[in-house]
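Colleague: What follows is a single structure, and I will ask about it in a moment.
None of the figures in this text is laboratory data; all of them are computed from the coordinates on show. Keep in mind that this is a model prediction, so the values were computed, not measured. A quick note on method: Cβ atoms are made from the backbone with ideal geometry, for glycine too, and the neighbour counts reach across all protein chains shown.
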Amino acid sequence: MHTSSAQLHTAAEITSQPDCWRRAIALATEPEVAAALPAPGERVAVVGCGTSLFMAQACARLREDEGLGETDAFPASEFPFNRRYDRVLALSRSGTTTEVADVLARLRSKVPTTAVVGAPGTPVTELADQVVALEFADERSVVQTRFATTALVLLRAHLGERLEHAVLDAEQALADPLPADLVARSQFTFLGGAPWTTGLAAEAALKMREASLSWTESYPAAEYRHGPIAITDETSLVWVFGTAPEGLELDVARAGGRWVAHDRDPLAELVSVHRLAVEVALRRGLDPDAPRNLTRSVILDGTS
């Protein structure tokens, strides 16, 4: 049976992102929420797994670039317990991710911790000192879209960014027709045109990989000439989040690749990639609501 995007939980959740972002922007101004998130001057570590790790990387770089305090981002499985932090911020949609729960358990009564989650009443929320719950952005889908972007909007708003333009850009990204030649590509590369957008590029590649089983990669934009451009040919799409280094678009064109860059908020660009991932999956006869080998949360049994 042919499946259309209109029948998918994933597609509905992608479409809901602008409304979720508006709610997150308002939530960031609530005193209890603001007090739970990192304060200016704190030395902070942000942890997550998979998609949440890439949002952590974006948040960490933005916070440092704003001069609000030294901020590191780590996969929860690689957290350096020998380092000293003023606060650890954990991101977890499900609130059940084993590695995140383990970090919070080990830090209990040692370091203040805050968890941003989609589902309250879960192991992560029970272990964190403070919790910011984004139930309105939780998802039925396995492939994360709106929780991740809404969490980053919350954190960007907390950093002091005015994000009304980002919401409008996301609405435009949802309204614009998706060019058919993008869907027909077979190799996808995403580039971070600014330090904080390298995490978004990595997340874009993950979405394409999860939903459509595509050959996809990500790099800081300035690194693309240092080897990765060798794979570029007429089957390639190269999509930049932010401003590309001078001359790179021409280099990609010479190699035969399809260049994509828009003058809108990089997080809105991720919304466009969400749409692309779904359409590529459907073109290949795949079901984005049931991605291969994946579950909504990684819960380890401790036997390995």
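Colleague: Around ALA173, what is the net charge, scoring Lys/Arg as +1 and Asp/Glu as -1 over all other residues with Cβ under 11 Å from its Cβ? Don't skip to the end; give the middle numbers.
Modeller: Working: positive: ARG264, ARG275; negative: ASP169, GLU171, ASP176, ASP265, GLU269.
Its environment carries a net charge of -3.
Colleague: Determine the dipole magnitude for region 79-133: charges of +1 sit on the beta-carbon of Lys and Arg, -1 on that of Asp and Glu, nothing else is charged, the reference point is the Cα centre, and the result goes in debye to the nearest 20.
Modeller: Numbers: 7 positive and 5 negative charges, 41 e Å.
My answer is approximately 200 debye.
Colleague: Also: Do any trypsin sites (Lys or Arg not before Pro) in region 15-110 lie in a DSSP loop with no more than 13 other beta carbon atoms within 10 Å, and if so, which? It would help to have the intermediate numbers written out before the result.
Modeller: Working: sites: ARG22, ARG23, ARG43, ARG61, ARG63, ARG83, ARG84, ARG87, ARG93, ARG106, ARG108, LYS110; in loops: ARG43, ARG83, ARG84, ARG93, ARG108, LYS110.
For trypsin sites (Lys or Arg not before Pro) across region 15-110 that sit outside H, G, I, E and B with at most 13 neighbouring Cβ atoms in 10 Å, the list reads ARG83, ARG84, ARG108, LYS110.
Colleague: Taking +1 at the Cβ of each Lys and Arg and -1 at the Cβ of each Asp and Glu, which of VAL88, GLY257, ALA204 sits farthest along the dipole of the chain towards its positive end, judged by Cα position relative to the Cα centre?
Modeller: VAL88
Colleague: Over the alpha-carbon set of region 126-274, work out the extent along each principal axis and list the three values in angstrom, largest first.
Modeller: Computed over region 126-274, the largest-to-smallest principal extents equal 51, 33, 31 Å.
Colleague: Also, quick follow-up: Over region 5-158, what per residue volume does the convex hull of the Cα atoms give, in whole Å³?
Modeller: 99 Å³
Colleague: Mind putting a number on the dipole of region 92-184 about its Cα centre? Charges go on the C-beta only, +1 for Lys and Arg and -1 for Asp and Glu, and I need it in Debye to the nearest 20. Present the calculation step by step, with values, prior to reporting the outcome.
Modeller: Details: 8 positive and 13 negative charges, 91 e Å.
Dipole about the Cα centre, nearest 20: 440 debye.
Colleague: For the Cα atoms of the chain, what angle does the longest principal axis make with the long axis of helix 146-158, in degrees from 0 to 90, nearest 10?
Modeller: The two axes meet at around 60 degrees.
Colleague: I want the local charge near ALA137. Using Cβ-Cβ distances under 10 Å, sum +1 for each Lys or Arg and -1 for each Asp or Glu among the other residues. Walk me through the intermediate numbers first.
Modeller: Details: positive: ARG23, ARG93, ARG146; negative: GLU13, ASP19, GLU135, ASP138, GLU139.
It works out to a net charge of -2.
Colleague: Let me ask something else about it. Quick check: net charge around LEU248, other residues with Cβ under 13 Å of its Cβ, Lys/Arg +1 and Asp/Glu -1? Don't skip to the end; give the middle numbers.
Modeller: Numbers: positive: ARG225, ARG254; negative: GLU223, GLU246, GLU249, ASP251.
It works out to a net charge of -2.
Colleague: Quote the relative contact order of region 108-235 in percent (integer), defining contacts as alpha-carbon pairs under 8 Å separated by 6+ residues.
Modeller: On the way: 123 pairs, mean separation 20.4, N = 128.
In percent, rounded to a whole number, it is 16.
Colleague: Return one number: the angle in degrees, 0 to 90 and rounded to the nearest 10, between the long axis of the Cα atoms of helix 266-283 and the longest principal axis of the Cα atoms of the chain.
Modeller: Value to nearest ten degrees: 60.
Colleague: A further question on this structure: Relative contact order for the chain using alpha-carbon pairs under 8 Å, separation at least 6, rounded to a whole percent?
Modeller: Values: 594 pairs, mean separation 61.4, N = 304.
Relative contact order, the chain: 20 percent.
Colleague: Using Cα centres only, tell me the gap between region 60-114 and region 251-279 in whole Å.
Modeller: Cα centres, region 60-114 to region 251-279: 31 Å.
Colleague: What is the magnitude of the charge dipole of the chain about its Cα centre, with +1 placed on the Cβ of each Lys and Arg, -1 on the Cβ of each Asp and Glu, and no other charges, expressed in debye to the nearest 20?
Modeller: Details: 28 positive and 41 negative charges, 103 e Å.
Result for the chain is approximately 500 debye, rounded to the nearest 20.
Colleague: Let me ask another. Under the rule of -39500 (n - 2.57) per DSSP H run of 4 or more residues, summed and divided by the residues of the chain, what mean residue ellipticity at 222 nm is obtained, to the nearest 500 deg cm²/dmol?
Modeller: Numbers: 12 runs with 123 residues, N = 304.
Helices in the chain give a 222 nm mean residue ellipticity of -12000 deg cm²/dmol.
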